[in-house]
1. At 222 nm, what value in deg cm²/dmol follows for the chain if DSSP H runs of at least 4 each add -39500 (n - 2.57) and the sum is divided by all its residues, to the nearest 500?
2. Calculated from the structure, volume of the Cα convex hull per residue in Å³ equals which of (i) 105; (ii) 121; (iii) 169?
3. At 7 Å along the Cα-to-beta-carbon direction for both Leu102 and Ser31, put a label point, then send me their distance in nm to one decimal.
4. If I compute solvent accessible area with a 1.4 Å probe over the protein chains, what percent of it on the chain is carbon and sulfur?
5. For the pair Gln91/Phe216, report the inter-label distance in nm, with labels modelled 7 Å from Cα in the Cβ direction.
6. Could you tell me how many degrees, from 0 to 90 and to the nearest 10, lie between the Cα long axis of helix 3-17 and the main elongation axis, the longest principal axis, of the Cα atoms of the chain?
7. Give me the accessible area per residue for the chain, probe 1.4 Å, as a whole number in Å².
8. May I ask you to compute the full-extension gain from Leu138 to Asn204, defined as 0.36 nm times their residue separation minus their alpha-carbon distance, rounded to one decimal in nm?
Amino acid sequence: MSRRLRNKVLACLVCVLALPAFCGPMGFKESWMAMGDFSPNWQESFVNYALTPRDALGASTLYMRSDDESKNRHLADVTYTRLLKRWNMPQAQANIWFLGGLGYLTGNDFAGSKLMASPGVQVDYETTRVYASATARLYRADGINHDFASARLGFSFYEVDYDETQPWLVVEARRMTGLTNRTEVTPMLRLIHNRYFLELGVSNSTQGRVNLMYIF
């Protein structure tokens with residue numbers, strides 16, 4: 001095997017080992033992950049700490065607003081993330097995650113606060129060139145149902161070495177019960193490095209969107 005080919009193979013293997021940083025909601029053991037997802041109707045930020053290679057605890061805040069801007073919600077909760085299953089394949093990886101949260105919800109159409117639970121599941125698959133994921137999550141409180149579902153599909157424009165930034169095109173469709181009567185579709189440019197990603201896009205509602213993640 002030539003030196004050039006050997007280096008390329010090693011680079012691909014390193015990228016595969018790093019995939020959980022890009023497609024998963026937690027980092028490697030004893031790492032901190034910070035993420036944010038910001039648009040006019042949806043503003044979420046969270047941080048968690050990976051206690052083990054499969055478990056992470058954290059906290060999050062979420063602001064949700066209806067399409068007509070008549071309703072808004074604020075949720076602050078503690079979170080638990082669990083890697084339920086992982087499949088390692090040649091230059092690819094697939095995962096099933098449990099996502100859970102428990103906290104207090106406030107809104108402009110009811111008094112006080114309500115206890116809200118938000119269990120969910122994420123399934124994802126990624127190679128160095130293709131990415132796909134689907135997420136379903138319940139947001140339930142007394143008299144409130146804001147269940148959430150999303151699907152993502154993306155591809156990279158070209159392969160890069162592990163220490164270089166890789167550009168991707170990612171398209172996401174998502175919908176939330178009780179706050180929107182449409183499916184939001186957002187194409188985004190994603191820039192990935194070995195510890196972070198940044199996504200920029202505009203939805204079919206002409207709303208700008210910024211997503212980011214950093215592992216430290």
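1. The per-residue figure over the chain is -2500 deg cm²/dmol.
2. Answer label, from the structure shown: (i).
3. Roughly 2.8 nm, to one decimal.
4. Ligands and nucleic acids excluded, carbon and sulfur give 62 percent.
5. 3.4
6. Between the helix axis and the principal axis of the chain, the angle is about 20 degrees.
7. 50
8. 21.4 nm
The values are calculated or read from the model by the stated rules, or taken from the named source; none is laboratory data. Nothing here was measured: the structure is a model prediction, and the numbers come from that model. All Cβ positions, glycine included, derive from the backbone under ideal geometry; neighbour counts span all protein chains shown. Heads up: the accessible areas ignore ligands, DNA and RNA and are worked out on the full protein's heavy atoms, side chains in. Shrake-Rupley method; radii C 1.70, N 1.55, O 1.52, S 1.80 Å.
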